Amino acid sequence: MSALPGPVAVTAAAVLTPLAEDMDGFTAALLAGRSAVTLGGEDTGALPVAALDGFDLAAWAERHLPGEDATAARLRKVAGRAALPARTAACVALRAVRDARLTGEQLADGTALIVAGSNLALAHQAATVLGHDRAPGRLRASYALTHLDVDTVGAVSELTGIRGEGWALGGASASGTLALIQAARTVAAGWAERVLVVAPAAELSPVEAEALRRTGAMAHEHFRDEPARMCRPFDAARQGFVRGEGAAALVLEHPHAARRRGAPVLAEITGHGQRLDARRGTEPDADGQAAAMRAALATAGLEPADIDYVNAHGTGSVLGDTTEAASLTKVFGTRTSLRVNSTKPLTGHCLSAAGLIEAAATVAQLRAGTVHPNVNLEQPDTAVPLAGRTAEHLPLRTALSNSFAFGGINASVVIRLPDPRP
Amino acid sequence: MTEEEIFAVIRAQIVDVLPETAGIDITLDHSMRDLGANSIDRMDVVIAAQDELGITVPGAALTRAEDLRSLVAVFRSHLSTHA
């Protein structure tokens, strides 16, 4: 076993979700157990979704950049015509580097960029293909750029002035957590002083949404008169996941670099693990999940008993939750002081952004000393120590956040509050 | 089609591609580069304007258009010879 990588500081966190577009509002919505899930249309087959309806980059700029006309104009110019993923990423990225109080010099030299997700702009792609079929002359040359995931890399780096390494890193629903892992490694290894990790809002076209429904993994039949109750992780009446749209950005930084510039440390990433199931497909595997969680604990130098709280992948899928309950029991046993919840009934399953949004949710709960409720947990389907239906104030120090993905990908990160300053 | 009508089509496409130009009095003496358009923005404007005007101008003729006045002239000559 090699030496432990050591903690990496989180010096900023920004979110853009239908619940809220700043961390204070996000924290309040989580603790109140507010769900953004609605039915995505009038017709009887409409799928539930927690959508970023009405997101408008220019309006966001007015709210977040008051009196800063030049920055707002630059945001509109650089990202205004990009697809939804790059537009949302640009907003959260700008918010995060400003909240981290990073200077232009620090961004230009010593900062890397990792964008979470691949195949991000699926709705934009589908709409362009259909439009091209109707009116081929209208196809914009800029589609050569806007269909690519790296358009987000380009837009964010232009806006922030980041000139270090930069990639898009894809792992389907585990993308956000994988990006966080790669960012933590990059900082721990000294390949960069800090990394801006950005998870753009992932789109689906109606075709991918319908294909997912046909796999049987999506909630769509019951509780249609109360859409906020449709996503029910670990509940006996669960029926599948509900899609969400949201973006997040975190700044990860070497603790020395953070201290040197006097940056406040919100939390630390102290461990991470990723394991494959060596199996193609959509089915989860408890052994792979447990192996990822144990790897995360091992790199943090922790025992299962050190974990106070788990932010589960918990999609509300019938098989997925049963499998995660089994893997959590393998790792943590039945210790009743642990708390487990899922953020997805509130935000929806934000697909490739889920891991980073849930990392932000984990930071928010650690800092609030409160776990958010499992709002739809009416009849628990497992003995795992789940959070109840109201927020619970607890002495929280160390958390684990899980993300699992199609393709047999399992990923976990350990997030904890920094040691109190001596 | 008059020069003014062609220019109106181009101007509308410029504002569509570069919303920041909405408050600018765009004249024939401007180049798209002056207005903040990069090469892809310029292609988007030129392609959308051609679609609107119902013409297809060879790329070589377009690269010679330095400012909006010469772009209007290229489109106008194409419209008259292909009418």
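Data overview
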{"read-out": "Interchain or long-range residues, amide H under 5 Å from residue A:165's placed H", "value": "A:113"}
{"read-out": "Amide proton proximity set for residue A:218, modelled H, under 5 Å, gap of 5+", "value": "A:241"}
{"read-out": "Largest-first ellipsoid semi-axes for the protein assembly as shown, taking √(5λ) over the Cα gyration tensor eigenvalues, angstrom", "value": "45, 26, 19"}
{"read-out": "Point-to-point label distance, residue A:158-residue B:70, nm (Cα→Cβ direction, 7 Å offset)", "value": "2.5"}
{"read-out": "Neighbouring partner chain Cβ atoms per residue of A:71-83, average, 10 Å criterion", "value": "2"}
{"read-out": "Zone residues, segment A:77-114, relative to residue A:165, backbone N less than 14 Å from point 7 Å out along Cα-to-Cβ", "value": "A:110-114"}
{"read-out": "Relative contact order (%) - segment B:1-78, alpha-carbon pairs under 8 angstrom, separation at least six", "value": "43"}
{"read-out": "Separation of the residue A:259 and residue B:38 label points, Cα + 7 Å toward Cβ, nm", "value": "4.0"}
{"read-out": "Mean separation of Cα contacts under 8 Å, 6 or more apart, over the residue count of chain A: relative contact order %", "value": "24"}
{"read-out": "Highest to lowest packing among A:250-262, A:334-346, scored as the average C-beta count within 10 Å", "value": "A:334-346, A:250-262"}
{"read-out": "Highest to lowest packing among B:21-28, A:98-105, A:20-27, scored as the average C-beta count within 10 Å", "value": "A:20-27, A:98-105, B:21-28"}
{"read-out": "Extension reserve of the residue A:58-residue A:42 stretch, reckoned as 0.36 nm per residue once the Cα distance is removed", "value": "2.9 nm"}
{"read-out": "Ranked by how many other beta carbons lie within 10 Å on average, peptides A:272-283, A:362-373 from highest", "value": "A:362-373, A:272-283"}
{"read-out": "Gain on full stretching of the segment that runs from residue A:225 to residue A:329 - 0.36 nm per residue minus C-alpha separation", "value": "34.0 nm"}
{"read-out": "Magnitude of the charge dipole, chain B, Cβ model with Lys/Arg +1 and Asp/Glu -1, debye to 20", "value": "300"}
{"read-out": "Cα centroid separation - segment A:235-252 against segment A:128-157, whole Å", "value": "27"}
{"read-out": "Taking A:381, A:151, B:29 and counting other C-beta atoms within 10 Å, the order from fewest to most", "value": "B:29, A:381, A:151"}
{"read-out": "Length-normalised contact order for segment A:303-416 - Cα pairs under 8 Å, 6+ apart - percent", "value": "33"}
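Values quoted throughout were computed directly from the atomic coordinates according to the rules given, and no laboratory measurement underlies them. Keep in mind that what you see is a predicted model, and the values were worked out from it rather than measured. Heads up, the Cβs are rebuilt from the backbone with ideal geometry, glycines too, and the neighbour counts pull from every protein chain shown.
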